[in-house]
């Protein structure tokens, strides 16, 4: 008989996939082996943060809207009894990459996505501890 996964686990698995995609794209971007806009890396990092937050909310049965707004999702987590430790301002900066980064150039100069990797990985690890099966 098939085992059904909880929504929180599915979201967390998708977050991990986005993180790995961002990491691989960033490594290939830095080495010059692929020609992409750095915004693509940041888009996947934003998606990882979004899905990690939604996994936490889902695990605690907290309704959340179908949005890409990390600030709104962080506020929902803050209003719950859960406590996560994140750099809110840094995460909220990623909001621009959820939609606009797909269709326009957000930065003319080369930005360093490295600032985001550590914070996003830490958020994902916290989500893993909350969602752990």
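The values are calculated or read from the model by the stated rules, or taken from the named source; none is laboratory data. Here the structure is a predicted model, which means the values were calculated and not measured. Glycine also receives a Cβ, built like all others from the backbone with ideal geometry; neighbour counts cover every protein chain displayed.
Selection of the range 88-129 for residues being farther than 13 Å from residue 46 by Cα, modelled with pLDDT of 95 or more and surrounded by 14 or more Cβ atoms within 10 Å (Cβ to Cβ) yields 122, 126, 127, 128.
Residues in the range 65-86 that are in a loop (DSSP other than H, G, I, E, B) and either within 14 Å of the chain's Cα centre (by Cα) or surrounded by fewer than 15 Cβ atoms within 10 Å (Cβ to Cβ) (or both): 65, 66, 67, 68, 69, 80, 81, 83, 85, 86.
Does residue 60 qualify as being loosely packed, with under 13 Cβ neighbours inside 10 Å and over 16 Å from residue 22 (Cα atoms)? Break it down stepwise before answering.
On the way: loosely packed, with under 13 Cβ neighbours inside 10 Å: no; over 16 Å from residue 22 (Cα atoms): yes.
For residue 60, the condition - loosely packed, with under 13 Cβ neighbours inside 10 Å and over 16 Å from residue 22 (Cα atoms) - is not met.
Let me confirm something: among 30, 38, which residue is buried (at least 21 other Cβ atoms within 10 Å of the Cβ) and either modelled with pLDDT under 95 or on the phi < 0 side of the Ramachandran plot (or both)?
Details: 30 fails: buried (at least 21 other Cβ atoms within 10 Å of the Cβ).
It is 38.
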